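One structure is given here, and the rest of the page talks about it.
None of the figures in this text is laboratory data; all of them are computed from the coordinates on show. Keep in mind the model is a prediction, meaning the values are calculated, not measured. Neighbour counts run over all protein chains shown; Cβ positions are idealised from the backbone, glycine included.
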Amino acid sequence: MKTLLFLLLALPGVLLAEGGLPNEPYIYVEGRAEIKKPADLVTLRFDLVARNADQTQANQDVQAKASKIFAMLDERKIAQDDVVASDLRSEPQFQQEPGRPEEQGKLIGYVVTRPFLVKVRDLKIFPQLVDDLIALGGVEFSGIDGSLAKEEEVKDESWGAALADARTKAEKTLKASGMTIRSVFAISPVNFPEISSRIFGSSQVAFSVARDLVNKQGASQYRLAPVTVSQSVHVIYLIAPAK
């Protein structure tokens, strides 16, 4: 599904030659496009955590389970390039004495953590994968995010749609006033402050996705909302009377 949002402003030729603006009649247009597509990529973010009084043992526990996770991902044909697990943290744990919050307390052990980031391109397998990771023990999830595998292509598509929007609306407005586009003076993904600070609010490019997670008996169910890519483009056209 694709939805295009439009915003157009025709300025009289009185805003001239300020801050690099044209010194002849022009029209300033903000074209907008919003494209929605189903998510086809899921990113899992989780930590593998082990706690032990002995730091070496805590590390060994983490590494042993990490090996199981790598094997689990290999079985599901998740490419190595889609897995990031390069970091390791080891932190001491202290027992806080009641009534003495300013004191460090007694050392009682260590927490060793390995963060994982996994991209799953086959959406059918990721619910069971999440369940299997949690069943392994010591896995703490921080996020499940839907996105687009070809995000840049969609951004290019939205840019083209925003440009087409700007041109179409400019031509429609100028036709009604007996004017026509002579040439393009400037194109920018951000606004022109000299004009927009007077007329437009802030404008931004957005890339967002919502998520609805539903748990039932058996394999968990995850419902990913469509990914929305929004783009705005600011164009100054030089104009002249229509012939």
How would region 29-96 be classified by its alpha-carbon gyration tensor: rounded, prolate or oblate, with rounded meaning a/c under 1.5 and the a/b versus b/c comparison settling the rest? oblate
If 220, 142 are placed from fewest to most neighbouring beta carbons inside 10 Å, the sequence is 142, 220
Quick check: net charge around residue 241, other residues with Cβ under 13 Å of its Cβ, Lys/Arg +1 and Asp/Glu -1? +2
Quick check: from the Cα gyration tensor, does region 85-192 come out rounded (a/c under 1.5), prolate or oblate? prolate
Filtered GluC sites (Glu not before Pro), region 40-143: DSSP coil and at most 14 other beta carbons within 10 Å: 102, 103
Taking neighbour Cβ counts within 10 Å as the exposure measure, how do 88, 224 sort from fewest upward? 88, 224
Mind jotting down the three principal axis lengths of region 41-147 based on Cα atoms? Whole angstrom, largest first. 52, 26, 22
Using a cut-off of 12 Å between beta-carbons, work out the net charge of the residues near residue 113 (Lys and Arg +1, Asp and Glu -1, residue 113 not included). -1
For labels at residue 176 and residue 142 in the simple 7 Å Cα→Cβ model, what's the distance in nm? 5.2 nm
Under 15 Å, Cβ to Cβ, from residue 184 - net charge with Lys/Arg +1 and Asp/Glu -1: -1
